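Okay, so here's the structure we're looking at.
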Amino acid sequence: MPVIMKELNGRWRGVVKIKSKIVKTRMFGKGPVKGEEWMRARQWEIEQRKAILEQSATTSRPLLSPLEWGLLYVNDAKSRCSPKTFEEKRSVMLRFLDYAREVPFEGYNPNLAREYLQRQNDARSGYAANKDRKTLMHAWAWGQTFLAERGFPERGNPFAAVKRYPEERKERYIPPESDFWQAFHASHGQDRVMLLAFLHLGARKGEVFRLKWADVDLESGKIRLKTQKTRGKGWREDWLPMTRELREALLSWEAERPYKTEWVFSQLDDSPSPNHRPGEAFISRQHFLARLCARAGVRKFDFHAIRHLAAVILFKAGYTVGFIQKVLRHKHPSTTEEYLRSFGIDLEELREGMGIFDGRGAAGDVDPVQKMNPRGGNLRGSGYSTGIQARLN
């Protein structure tokens, strides 16, 4: 409301307040309450307050909330990451935001991060806690880079302050080749062709599930596999030659398949699940191999284990790591070596190589020190050599 200024001979002063703070004032003429000058001052107050509030609504944005940070980060990851990586990041953000649902950004500190990650370590594993830590560290750094204008905290990364947890990773189980073939012979129809494709191509699960007939050149005997392993670089396509057996199996399946869709492998009328869509591509086939292994009477293995098995078969047949790397389409040979190491091949090589030490003393009783230094001494003198001999005898 206008204020009368007695020290200025009774002139009226218009005052605009926003949240109890004076943001604008203006002087008007003299006159009685609700007179002409008072009305002018009052009208000016109303118009100015309205204009300031409207301008504030269009130019300012509300402060960022933790939930909005999480949603923005996940949306960015969706456009940049492979579907599997995106789902992992999404799960981490949902899990953390559910844990810290009542905590504003002011409460995001190393203690909160430690409490959450410790809970993951206790309930799941150190490996799971470290994966969550890595995602949350990246999400925080992403927020500081892209959400600074929205008021994202400028302080240090609270998740980086928590040290990694000890990990006890379980080695991936790679079945003996005989177990794979037992499971293979316990299958039939589309399932048998799919298993053959996994082994003969050393393919990833997603690569086989998204195979289309446009990717299969039966005449030339080659097949195209697509993967989105590299973040932000789109799909990678690789043509591989088909084996004779795989080509024959695909020729038969193309003629026999009940659904003539674009997908090489599709869902059939064999599941009561409400999410089952006959004729559409597979997404996971979560329980298929478990049931098949149980039917065949072998230890359960997964689709990715077949990819490891393909590497082992090639290596044992005498092919180099470089050749196997091309088949599996690994970017680095160290990844291929890790596949082989998971089957214990490095231990076999070490055992074979270290066998050279067996029987080396059978040729005679030559003293090992004398054999190294026939003159009976070394750089430290004969007394030192004699001391070694005494300890070895």
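The values are calculated or read from the model by the stated rules, or taken from the named source; none is laboratory data. Because the structure is a prediction, the values reported are computed rather than measured. Neighbour counts run over all protein chains shown; Cβ positions are idealised from the backbone, glycine included.
Would a scan of the stretch 319-340 turn up a residue that is surrounded by fewer than 19 Cβ atoms within 10 Å (Cβ to Cβ), closer than 20 Å to Ala183 by Cβ, in contact with a helix residue (DSSP H, G or I) (Cβ under 9 Å, 6 or more places away or on another chain) and not β-branched (Val, Ile, Thr)? Checked the stretch 319-340: no residue is surrounded by fewer than 19 Cβ atoms within 10 Å (Cβ to Cβ), closer than 20 Å to Ala183 by Cβ, in contact with a helix residue (DSSP H, G or I) (Cβ under 9 Å, 6 or more places away or on another chain) and not β-branched (Val, Ile, Thr). If you go through the stretch 279-338 one residue at a time, how many are charged (D, E, K, R) and not in a helix (DSSP H, G or I)? Of the residues in the stretch 279-338, 7 are charged (D, E, K, R) and not in a helix (DSSP H, G or I). One residue stands out among those in the stretch 279-296 that are of a type outside the set (A, V, I, L, M) and touching a helix residue (DSSP H, G or I) at 6+ places or on another chain (Cβ under 9 Å): the one that is surrounded by the fewest Cβ atoms within 10 Å (Cβ to Cβ), which is Ser284. With respect to the conditions (1) within 24 Å of Val312 (Cβ to Cβ); (2) outside any helix (DSSP H, G or I), Met194 falls short on a single one, namely (2). Being surrounded by 16 or more Cβ atoms within 10 Å (Cβ to Cβ) and under 23 Å from Ala148 (Cβ atoms) is a property that Ala41 lacks. On inspection, Glu115 passes the criterion of being assigned by TED's automatic domain parsing to the domain that holds Phe86, over 21 Å from the mean Cα position of the chain (by Cα), farther than 19 Å from Tyr73 by Cα and modelled with pLDDT of 95 or more. Evaluation of Glu36 against the conditions (1) among the acidic types (Asp, Glu); (2) in the same structural domain as Lys134 (by TED's automatic domain parsing); (3) out of contact with any Phe, Trp or Tyr (no Cβ under 9 Å at 6 or more places or on another chain) shows that the sole unmet condition is (2). Of everything in the stretch 14-52, what is of a type in the set (Gly, Ala, Ser) and under 12 Å from Pro2 (Cβ atoms)? Give them in sequence order. Those that are of a type in the set (Gly, Ala, Ser) and under 12 Å from Pro2 (Cβ atoms): Gly14, Gly29, Gly31, Gly35, Ala41. For the stretch 297-304, check the following and say yes or no: at least one residue is among the basic types (Lys, Arg), modelled with pLDDT under 95 and surrounded by 13 or more Cβ atoms within 10 Å (Cβ to Cβ). The answer is no; no qualifying residue exists.
Go through Asn121, Asn109 for me and flag whichever is within 21 Å of the chain's Cα centre (by Cα) and of a type in the set (S, T, N, Q).
Values: Asn109 fails: within 21 Å of the chain's Cα centre (by Cα).
Selected residue: Asn121, the only one of Asn121, Asn109 that is within 21 Å of the chain's Cα centre (by Cα) and of a type in the set (S, T, N, Q).
Criterion applied to Gln144, Gln228 was being touching a strand residue (DSSP E or B) at 6+ places or on another chain (Cβ under 8 Å) and farther than 30 Å from Glu256 by Cα, and the one residue passing it is Gln228.
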